[in-house]
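J.: Before I ask anything, let me first share the structure, which is written out below as C-alpha cells.
The values are calculated or read from the model by the stated rules, or taken from the named source; none is laboratory data. Computed from a predicted model, the values in this text were never measured in an experiment. In this analysis, Cβ positions are derived from the backbone assuming ideal geometry, glycine residues included, and neighbour counts consider all displayed protein chains.
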Amino acid sequence: MKFLLALVVAAAISFTSASTTLVKRANPQGIDVSHWQGTINWNTVKANGVSFVYIKATEGTTYTDPNFSANYVGATNVGLIRGGYHFAHPDSSSGATQANYFLAHGGGWSSDGITLPGALDIEYNPNGATCYGLSASAMVTWIRDFSNTYHSRTGVYPVIYTTTDWWKTCTGNSASFASTNPLWIARYSSSVGTLPAGWSFHTFWQYADSGSNPGDQDTFNGDMAGLQRLAKG
C-alpha cells in the first residue's frame with residue numbers, strides 16, 4: 001500500500017512538473033543578462049526559442065554595464081524584443097537621480113514594438129542593510145520618485161522587478177504601484193506563488209537563475225501579441 005502511494009505521489013509530482021514546463025513553453029520565453037554572461041551568441045539564443053531579453057544597463061549612479069551596448073545590438077540584430085534594467089541603490093541617491101542616470105545610459109524607451117519599458121531591479125542589498133537603511137514609507141517614496149520620473153520622460157511606467165519577500169519586508173507590502181507598473185516577479189519554483197499587494201497578476205516571471213540559455217530564465221505572462229503590445233506602450 002505504501003509502495004502504491006509512493007508511485008501515485010511520484011506520478012503527481014511528475015505531472016505537475018510537466019504541466020508547468022508546458023505552460024512556460026506556451027508563453028514567450030526570455031532571459032536577462034549582464035556582463036557576467038560574457039560574450040553571448042545571440043543567434044544561438046534566438047534559435048533556442050528566446051523571444052525577449054532584459055539587459056543590465058546601470059547600477060546606482062556610478063556604474064554602467066560594459067557589455068550593455070554589445071548585448072543590446074546583438075539582441076536587436078537577431079530580432080529579439082529587448083529592454084534595459086537598472087539595479088537600484090536607494091541608499092546612494094534619489095529615485096529621480098537614478099531614473100535619469102538610467103535613461104542617459106541605455107534605459108530609454110520608444111513605441112517601436114521591439115523595446116520593452118525599462119525595468120527597475122529592486123531587491124535585497126548585496127552589500128549592506130536589507131532595506132538600504134530606509135523605512136518602508138521612505139522606500140515607497142523612493143520607488144515612486146524613480147517611477148514617476150521615468151514615466152514623465154518616456155510616457156510609460158517602468159517594470160518593477162522584485163521578490164514578494166523583499167517587497168513585504170522593505171515597502172510594507174505597498175499596493176501603490178499595482179495599477180501603473182508591470183510586475184516582474186522572481187521566484188525559483190514551479191509557480192509564481194503569492195504576489196506583492198495590489199498585483200492580481202504578474203507580467204514577467206524569472207523562474208530560474210540558470211538554464212539552457214545564458215543568464216536568468218524568464219517567461220512572459222501572455223502570448224507574443226501581448227508582448228508586442230507591451231513594447232508598443
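J.: Tell me yes or no: at least one residue of segment 69-87 is closer than 28 Å to TRP142 by Cα and more than 18 Å from the chain's Cα centre (by Cα).
T.: yes
J.: Name every residue in segment 97-127 that is surrounded by 16 or more Cβ atoms within 10 Å (Cβ to Cβ) and in a helix (DSSP H, G or I), in order of residue number.
T.: GLN98, ALA99, ASN100, TYR101, PHE102, LEU103
J.: The conditions are (1) among the small types (Gly, Ala, Ser); (2) outside any helix (DSSP H, G or I); (3) buried (at least 20 other Cβ atoms within 10 Å of the Cβ), and SER147 fails exactly one of them. Which is it?
T.: Of everything listed in (1) among the small types (Gly, Ala, Ser); (2) outside any helix (DSSP H, G or I); (3) buried (at least 20 other Cβ atoms within 10 Å of the Cβ), SER147 misses just condition (2).
J.: Does THR21 count as of a type outside the set (A, V, I, L, M, F, W, C), in a helix (DSSP H, G or I), modelled with pLDDT of 95 or more and farther than 27 Å from VAL140 by Cα? Give the derivation first.
T.: Values: of a type outside the set (A, V, I, L, M, F, W, C): yes; in a helix (DSSP H, G or I): yes; modelled with pLDDT of 95 or more: no; farther than 27 Å from VAL140 by Cα: yes.
It is false that THR21 is of a type outside the set (A, V, I, L, M, F, W, C), in a helix (DSSP H, G or I), modelled with pLDDT of 95 or more and farther than 27 Å from VAL140 by Cα.
J.: For the subset of segment 59-83 comprising residues that are in contact with a helix residue (DSSP H, G or I) (Cβ under 7 Å, 6 or more places away or on another chain) and under 14 Å from HIS35 (Cβ atoms), which member is surrounded by the fewest Cβ atoms within 10 Å (Cβ to Cβ)?
T.: Filtering first and then ranking leaves PRO66.
One line per residue, one yes/no per condition, for (1) under 30 Å from SER190 (Cβ atoms); (2) in contact with a strand residue (DSSP E or B) (Cβ under 9 Å, 6 or more places away or on another chain); (3) without any contact (Cβ under 8 Å) to a residue 40 or more places away in the chain; (4) not polar (S, T, N, Q):
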| position | (1), (2), (3), (4) |
| --- | --- |
| GLY30 | yes, yes, no, yes |
| ILE40 | yes, yes, no, yes |
| TYR63 | no, yes, yes, yes |
| SER69 | no, no, yes, no |
| PHE87 | yes, yes, yes, yes |
| TRP109 | no, yes, no, yes |
| LEU116 | yes, yes, no, yes |
| TYR124 | yes, no, no, yes |
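J.: Looking at segment 130-139, is at least one residue more than 19 Å from the chain's Cα centre (by Cα), of a type outside the set (Lys, Arg) and at pLDDT below 95?
T.: There is at least one residue in segment 130-139 that is more than 19 Å from the chain's Cα centre (by Cα), of a type outside the set (Lys, Arg) and at pLDDT below 95.
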